[in-house]
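*Asks:* Please find one structure pasted underneath; my questions will follow.
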Protein chains: 2
Amino acid sequence: MDEGRKAAKLAKTQADRYVEELIEIATIPSISTLPEHAADIRLAAGWVCDRLRAIGFENVEVLPTEKHPVAYGEWLHAPSHATVLIYGHYDVQPVDPIDLWHSNPFEPSVQGDYLYGRGVSDMKGQLLAILKALELLRRTGELTVNVKVLVEGEEEIGSPSLQAFCLRERDRLSCDLILNTDGAMLGRDLPTLVYGLRGLAYFDVKLTGPDHDLHSGMFGGSVHNPAQVLCELVAGMHDTEGRVTLPGFYDKVQPLSTEDRAEIALGPCSDKEWRGLTGVPELFGEQGYTTLERVGARPTLEVNGLTSGYSGEGQKTVLPAKATAKISMRLVPDQDPKSVGEQLRSYFREHTPPTVRLELKTLAENPPVRIRRHAPGMSAAAQSLRETFGNEPVYTLEGGSIPAVSILGGTLGVDSVLMGFSLPDDNIHSLNERFYLPNLARGVEAYIRFFNHLATLGVV
Amino acid sequence: MDEGRKAAKLAKTQADRYVEELIEIATIPSISTLPEHAADIRLAAGWVCDRLRAIGFENVEVLPTEKHPVAYGEWLHAPSHATVLIYGHYDVQPVDPIDLWHSNPFEPSVQGDYLYGRGVSDMKGQLLAILKALELLRRTGELTVNVKVLVEGEEEIGSPSLQAFCLRERDRLSCDLILNTDGAMLGRDLPTLVYGLRGLAYFDVKLTGPDHDLHSGMFGGSVHNPAQVLCELVAGMHDTEGRVTLPGFYDKVQPLSTEDRAEIALGPCSDKEWRGLTGVPELFGEQGYTTLERVGARPTLEVNGLTSGYSGEGQKTVLPAKATAKISMRLVPDQDPKSVGEQLRSYFREHTPPTVRLELKTLAENPPVRIRRHAPGMSAAAQSLRETFGNEPVYTLEGGSIPAVSILGGTLGVDSVLMGFSLPDDNIHSLNERFYLPNLARGVEAYIRFFNHLATLGVV
């Protein structure tokens, strides 16, 4: 079957060069949430465009959005054939607390089989793999479909500009299939196809009591402590069995079918391994569901951050003026981010006492996604993974959210295939993020084979 | 009555020089809780000793303790007379968030009737006033009792070394009466004598779940979020009526007598004024008590700080590895800091789920204090205030804690008189701390008159 497929063979021979180039892009601190990194964002977008030009793509441009730009390029020299839109992102998460990293997050360093650095796994590793795949396909003349590449700079902040960008650029982006490269595997030798993603609704809550921090001795007992009020409000959103108590929260949640549960039960990660991955003394979650069901098929409400009062060493006898929480929900079909957001707002409006002032801001609203497991694009992806890894791919529901999947799917009316090579212990969004380097060459190979099969299967 | 009392008259004539010297000491960032200010602590202790030497005190020394040193000096040339031990502290609170101050906290600046800077009110203003009082009493030859001066550097961290220091230096510190200068007034023209102080028990609570921050999508729903657990634990320590629910918390609290309540009701501050001081939309506190009862005569449990997860701008989809709270209690007679600490520990031990790890550290344990209102030292103080301010002094129960009062009283077996000139709207422990400058000269005068009356009344 591989006869005449030079690109897939070449993929394995150039691993060293891949690492060098990955280090190059991973050195750019393209943190999308921090305004002081705006120049780095532009640098990273420019880097992607330079690569696209180098491999012969055309109409390569840094396209503006309301916030961070999109790197775009296309190769449209297969006029009678179909068009694949490739999606990725060049932005990364913040790195604080940076002093707890064991190496500088933006001076990526190889240790054993791993490259350590912010963004190497989420998702500059995959970004490099798809660029190298396209390069080899072009060099060998094996690229037989049209390709458009869209690499955004706002995935880590919830892709706030992507919807408007897609609407504006709908013609430019028109395609028959989307390949989303922001995906993950469930284990080193477990090629994985994600057929569902949770949605995300993210909120900033701020309670203000006194108009300045007070002395807790002079005033303690006479005013309502906003940190206390915040804790009570947060505590009131879960019951003791791990269920979210916001009225209506589960109303739209699709119950798990027996078939769904059986499929999820095939997932390769045991509770013991999951404990190992997380380091928790005991797992915990909604009663009546397994760990993989809890992260894949059930919604959550999490506190992502708390701040109030004094956080330094030792004691400061302060009664804080304010308390803040970052709160987010992961959503599953058919929950709607706007509706659950309204449930949260109602809860806070009803339960915040008149002794403090409430501010509540919405930072993200992305719906959950399900992809048909047996769509032709999925079959091409499955075959390419099977050949590259020598193992049958695992189908999984991922707990994370990739707003682009619902936004691109909804705007362009096309299915997505999610294929990526990040691993569960890569510490993405955390300290000491790393990328398993053997997955770089395997990623290049798998992407090449995907394009090969698209043509073979007549998928598009 | 003032005939022959030169020092008290001189007190009013030198106000400008007082401000200059106050600025000098307030420029030293002697923050006791932050290790990086150790050199400033030594500088401040040295400054106090220099002043004591300059006014003719002897055996002036920077005496070491386990942590920050004590500045000490004495004048013992009234051999047949009694000895007064003067207590003060030269350390100050931290200043974070420093960018919210409208001027640099350690470049004190005069604006109208106020000097702005960290520590000017708590308590470098009073420290300067007592030093100036002693200088004038010495210069006019009116100091007719023996005086020992002890200025510590750990008051703002709960005086952790003072007990051991007093036991070791008991002979050197022996005295007949203690004048504690770390006191406050209830209003500009309301000279105030504090006859009770709340105790303090202060704790650091840390909950650890995962061993690193996790991606809230990949892992959310499968592990217990330590921020959520912390909020639930904090929420569980109060009922909806503002009462602390730790079992046994109120068992030792002395009920307020009708006489107590009548006296407290004379307090000059209305609820409207209290709202103005604090800036809260509504006051709040334990049901069944007035504002002044709540802060003076009832115990509290307050959150002084919360931290967990991401606190930067925008969103970070992190499931935090840990969550911390600083929690303190203000105690009233006859509560015991060790017992309530044990109540807190029991509560956390019993209610922390096995899904997270608990660490609980005690940072302070100071018992509450009551002083006999009609003791002779109090009468001398009352008379000096009456003459200086032209108003009858107010007797009050203060909500704050001064560990030195119980430690010195207990170790040396002597009564304290608390007299100081800080005001409720001085923003102590908060942003933009300030000192009402007219109180500097009035403070000097009142302290001088106090020594005058001690002799007149034959108190000691």
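*Asks:* To the nearest 10 degrees, how steep is helix B:376-389 against the longest Cα principal axis of chain B, on a 0 to 90 scale?
*Replies:* Long axis of B:376-389 versus the principal axis of chain B: about 80 degrees.
*Asks:* Turning to a different aspect of this structure: Can you pull out the trypsin sites (Lys or Arg not before Pro) in the stretch B:312-416 that DSSP calls coil and that have at most 10 other Cβ atoms within 10 Å? Provide the component values of the computation, followed by the final result.
*Replies:* Numbers: sites: B:K316, B:K322, B:K326, B:R330, B:K338, B:R345, B:R349, B:R357, B:K361, B:R370, B:R372, B:R373, B:R386; in loops: B:K316, B:R372, B:R373.
Passing sites in the stretch B:312-416 are B:R372.
*Asks:* Taking θ = phi - 60°, what integer Hz values does the Karplus form 6.51 cos²θ - 1.76 cosθ + 1.60 yield along the stretch B:246-252, in sequence order, with x for Gly and Pro?
*Replies:* 4, x, x, 4, 9, 3, 9
*Asks:* Another question, then. Where Rh denotes the Kirkwood radius from the mean inverse Cα pair distance, what is Rg over Rh for the stretch B:148-255?
*Replies:* Values: Rg = 22.6 Å, Rh = 19.8 Å.
Taking Rh as the inverse mean 1/r over Cα pairs, Rg/Rh reads 1.14.
*Asks:* Averaged over its residues, how many other protein chain Cβ atoms are within 10 Å of peptide B:148-157's Cβ atoms?
*Replies:* Values: counts 0, 0, 0, 0, 0, 0, 0, 0, 4, 5.
Rounded to a whole number, the mean comes out at 1.
*Asks:* What Cys residues in chain B have no fellow cysteine's beta-carbon under 4.7 angstrom?
*Replies:* For chain B, the answer is B:C49, B:C166, B:C175, B:C269, because their Cβ atoms have no other cysteine Cβ under 4.7 Å.
*Asks:* For B:S32, list long-range residues whose amide hydrogen, built 1.01 Å from N in the peptide plane, is under 5 Å from its own amide hydrogen.
*Replies:* B:V92
*Asks:* At 222 nm, what value in deg cm²/dmol follows for chain B if DSSP H runs of at least 4 each add -39500 (n - 2.57) and the sum is divided by all its residues, to the nearest 500? Please report the intermediate quantities before stating the final value.
*Replies:* Details: 15 runs with 154 residues, N = 460.
Mean residue ellipticity, 222 nm, calculated: -10000 deg cm²/dmol.
*Asks:* Round to a whole angstrom and tell me the spacing of the C-alpha centers of the stretch B:262-276 and the stretch A:152-212.
*Replies:* Each part's Cα centre sits 55 Å from the other's.
*Asks:* Under a no-solvent Debye model with one identical scatterer per Cα of the stretch A:75-197, what's log10 I(q)/I(0) at q = 0.15, 0.16 Å⁻¹?
*Replies:* -0.88, -0.98
*Asks:* Follow-up. ³J(HN,Hα) across the stretch A:93-98 via Karplus (A = 6.51, B = -1.76, C = 1.60, θ = phi - 60°), whole Hz, x for Gly/Pro?
*Replies:* 6, x, 10, 5, x, 4
*Asks:* So which of A:K67/A:K326; B:K148/B:K361; B:K67/B:K124; A:K206/B:K67; A:K148/A:K361; A:K361/B:K316 end up more than 26 Å apart by C-alpha? Display every interim value, and only then the final one.
*Replies:* On the way: A:K67/A:K326 22 Å; B:K148/B:K361 35 Å; B:K67/B:K124 20 Å; A:K206/B:K67 38 Å; A:K148/A:K361 35 Å; A:K361/B:K316 14 Å.
Pairs exceeding the cut-off: B:K148/B:K361; A:K206/B:K67; A:K148/A:K361.
*Asks:* On average over all directions, what projected area in square nanometres does chain A have, based on the convex hull of its Cα atoms?
*Replies:* 23.0 nm²
*Asks:* Would you mind checking which residues have amide H under 5 Å from A:H89's amide H? H placed 1.01 Å from N; only 5 or more apart, or other chain.
*Replies:* Amide H to amide H, under 5 Å and 5 or more residues apart or across chains, A:H89 pairs with A:E152.
*Asks:* Counting other beta carbons within 10 Å of each residue's own, what order do A:I428, B:I371, B:I98 fall into, fewest first? Don't jump to the answer; show the numbers that get you there.
*Replies:* Details: A:I428 25, B:I371 20, B:I98 12.
The most exposed by this proxy come first: B:I98, B:I371, A:I428.
*Asks:* In degrees between 0 and 90, to the nearest 10, how far off the longest principal axis of chain B does helix B:38-54 point, with axes built from Cα atoms?
*Replies:* The helix B:38-54 is inclined about 10 degrees to chain B.
*Asks:* How shielded is B:346-356 by partner chains, expressed as the average number of their Cβ atoms within 10 Å of its Cβ atoms? Intermediate values should be presented prior to the final figure.
*Replies:* On the way: counts 0, 0, 0, 0, 0, 0, 0, 4, 4, 7, 4.
Mean number of neighbouring Cβ atoms from other chains: 2.
*Asks:* Once amide H atoms are placed 1.01 Å from N in the peptide plane, what residues at a sequence separation of 5 or more from B:V194, or on another chain, have their amide H within under 5 Å of its amide H?
*Replies:* Amide H neighbours of B:V194: B:T396, B:L418.
*Asks:* Compute the helix-to-body angle for B:337-351: its Cα long axis versus the longest principal axis of chain B, expressed 0 to 90° and rounded to tens.
*Replies:* Approximately 10 degrees, to the nearest ten.
*Asks:* Starting from the Cα of A:K338, draw a straight line to each of the aspartates and glutamates and keep only those under 16 Å, dropping any in the same chain fewer than 8 residues away.
*Replies:* Leaving aside aspartates and glutamates fewer than 8 places away in the same chain, those within reach of A:K338 are A:D204, A:D251, A:E365.
Bear in mind these aren't lab numbers, they're just calculated from the coordinates by the rules spelled out. Treat the numbers as computed from the prediction; the structure is a model and nothing was measured. We place every Cβ from the backbone using ideal geometry, glycine too, and count neighbours over all the protein chains shown.
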